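A short worksheet on the structure shown next.
The values are calculated or read from the model by the stated rules, or taken from the named source; none is laboratory data. Fair warning: this is a prediction, and the values are worked out from it, not measured in the lab. All Cβ positions, glycine included, derive from the backbone under ideal geometry; neighbour counts span all protein chains shown. Side chains included, ligands, DNA and RNA excluded: accessible areas come from the protein's heavy atoms. Shrake-Rupley method; radii C 1.70, N 1.55, O 1.52, S 1.80 Å.
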Amino acid sequence: MRKVQVEEAIDKSRFNKFHLLVFLWCFFAIAFDGFDIALYGIGLPHMMEDFGLSAAEGGAIGSYALIGMMLGTFVLGSFSDVIGRKRILIICLVLISVFNALAGLATSAAMFLTFRFIGSIGMGGLMPVVISFMSEYSPKKNRALTVAMMYTGYSIGAIIASVTAIYFIESLGWRFMYLLSALPLLALPFLIKQFPESISYHLPRGHKEKVAEILNRANPGGNYSPTDEFVYTAAKKDAKGLPIGQLFTGNRAITTIAFWIMVFSCLMMIYGLNTWLPTMMQESGFNVASSMSFIMILAVGQIIGSLTGGYMVDRIGHKNVLLTMYLLGAVCFVALSITQQPLLIYVLIAIGGACTGGTQNLVNPYISAFYPSDIRGTGLSMAVGIGRLGSITAPVLIGLVLMTNLEPQTAFMAFAIPSLLGGTALLFVRERSGKTVQTAAPVAGES
């Protein structure tokens with residue numbers, strides 16, 4: 001009987017139709033996630049007028065809904081290692097599509113919050129799942145860049161939302177934007193048929209035929225058979241205790257906490273900007289179309305940051321790239337708080353996007369690669385779940401700043417603090433305690 005190291009087989013595979021299929025479906029899912037997350041900031045000025053909300057109340061609704069994202073990240077993300085990542089992905093897309101569309105039909109702020117909260121549960125569970133899929137099925141040679149390219153779908157979704165709003169929100173209203181959330185339901189039957197389940201789900205359950213089928217699609221030259229002995233090189237199924245507890249064993253405790261702080265910082269910046277950027281720019285004197293365009297510029301910056309950062313990670317390592325982006329972000333937000341030149345503001349917003357969303361897009365695969373396969377989903381879900389506390393607090397804090405007599409742009413200064421906090425936490429990451437962290441010179445760390 002031939003012994004097959006599953007991760008090694010995928011690591012050495014060449015990008016083919018199978019990898020492209022996984023990439024496109026993950027890209028599709030995360031694009032609608034980005035679309036729906038951008039909706040709140042885009043529609044907020046109109047919704048505040050429609051429901052008669054103050055800035056503090058608008059920020060509070062955004063924060064309450066984001067509690068649903070934290071819940072979804074913890075519950076759905078953690079269960080992905082139990083009931084299968086494909087099932088969780090499908091559940092997330094259904095929740096996002098159905099309940100965000102219903103939010104567009106809400107007749108009161110309370111009803112909107114209820115539907116948005118439930119939809120946000122799906123939005124919170126989706127990100128760890130697609131990151132885990134891409135990390136598992138991408139060839140190792142360009143894994144960081146592949147994952148970063150997939151996650152640009154989030155920014156593409158935000159751009160689509162912005163462009164759609166520029167042309168239609170004035171004539172069709174903010175509710176129309178939310179009704180578009182139902183579109184992924186049309187593609188769901190095709191996803192169910194075409195998308196593979198995780199090997200880490202099939203293997204412990206003895207689904208050797210499924211494992212062989214997936215490996216033959218990922219690496220056709222291997223001629224894998226159900227009679228082979230399939231083993232995970234990084235997974236240790238004889239580990240004792242709950243998956244969450246294993247995040248703190250094997251010299252991982254300090255790094256686990258550092259990851260939580262890094263994600264907290266990134267999500268605080270991302271959701272603070274997504275919620276309030278259009279409103280901040282309108283109050284600074286820009287018209288509606290121009291204020292919407294800033295969300296688009298922010299998303300373009302996220303794409304540039306993700307792709308450039310992913311390219312550099314494959315050459316100089318995650319840690320060097322991420323530290324640079326955290327520090328650059330802090331400088332950028334200080335500059336945004338004092339500049340009055342429109343062109344420079346656009347440039348700085350793009351840099352801010354690169355150093356927030358782009359940074360988070362690189363942090364996710366960094367975390368996923370750090371943990372062994374059997375706790376990878378749990379590790380990423382916990383980091384993003386704890387990090388959601390940042391996304392919850394940011395809309396309220398920025399809303400309170402905007403209610404003061406300070407200039408609206410002064411609020412940008414607040415974003416420099418989490419950027420510095422994230423960079424400081426990064427210094428405490430112990431890469432040698434992980435199994436497959438990708439650096440410029442990969443090493444086999446301790447388990």
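What the table below lists for this structure:
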{"quantity": "Cβ-Cβ under 8 Å pairs, at least 6 apart or on other chains, the range 88-101 side over 17 Å from residue 378 (Cα atoms), far side charged (D, E, K, R) and in a helix (DSSP H, G or I)", "calculated": "96/33; 96/36; 99/116; 100/36; 100/116"}
{"quantity": "Residue match in the range 288-307 (condition: within 23 Å of residue 135 (Cα to Cα), open to solvent by 30 Å² or more (accessible area, probe 1.4 Å) and free of Cβ contacts under 8 Å to residues at least 60 places away in the same chain)", "calculated": "yes"}
{"quantity": "Enumeration of residues in the range 164-178 that are open to solvent by less than 80 Å² (accessible area, probe 1.4 Å), of a type outside the set (Gly, Ala, Ser) and in contact (Cβ under 8 Å) with a residue 24 or more places away in the chain", "calculated": "166, 169, 174, 175, 176, 177, 178"}
{"quantity": "Tabulated pairs, the range 106-130, first under 24 Å from residue 53 (Cβ atoms), second outside any helix (DSSP H, G or I) and open to solvent by less than 10 Å² (accessible area, probe 1.4 Å), C-beta under 7 angstrom, 6+ apart or interchain", "calculated": "112/106; 115/106"}
{"quantity": "Residue, surrounded by the most Cβ atoms within 10 Å (Cβ to Cβ), within the range 189-207, restricted to residues that are modelled with pLDDT of 85 or more and in a helix (DSSP H, G or I)", "calculated": "191"}
{"quantity": "Among the residues listed as 250, 241, the single one being modelled with pLDDT under 80, open to solvent by 50 Å² or more (accessible area, probe 1.4 Å) and part of a loop (DSSP other than H, G, I, E, B)", "calculated": "241"}
{"quantity": "Counted residues, the range 3-22 - those being of a type in the set (Asp, Glu) and surrounded by fewer than 19 Cβ atoms within 10 Å (Cβ to Cβ)", "calculated": "2"}
{"quantity": "Unique residue being out of contact with any strand residue (DSSP E or B) (no Cβ under 7 Å at 6 or more places or on another chain), among the aliphatic types (A, V, I, L, M), in contact (Cβ under 8 Å) with a residue 12 or more places away in the chain and closer than 21 Å to residue 302 by Cβ when the list is 375, 367", "calculated": "367"}
{"quantity": "Yes/no for residue 405 being surrounded by fewer than 24 Cβ atoms within 10 Å (Cβ to Cβ) and either at pLDDT 75 or above or not aliphatic (A, V, I, L, M) (or both)", "calculated": "yes"}
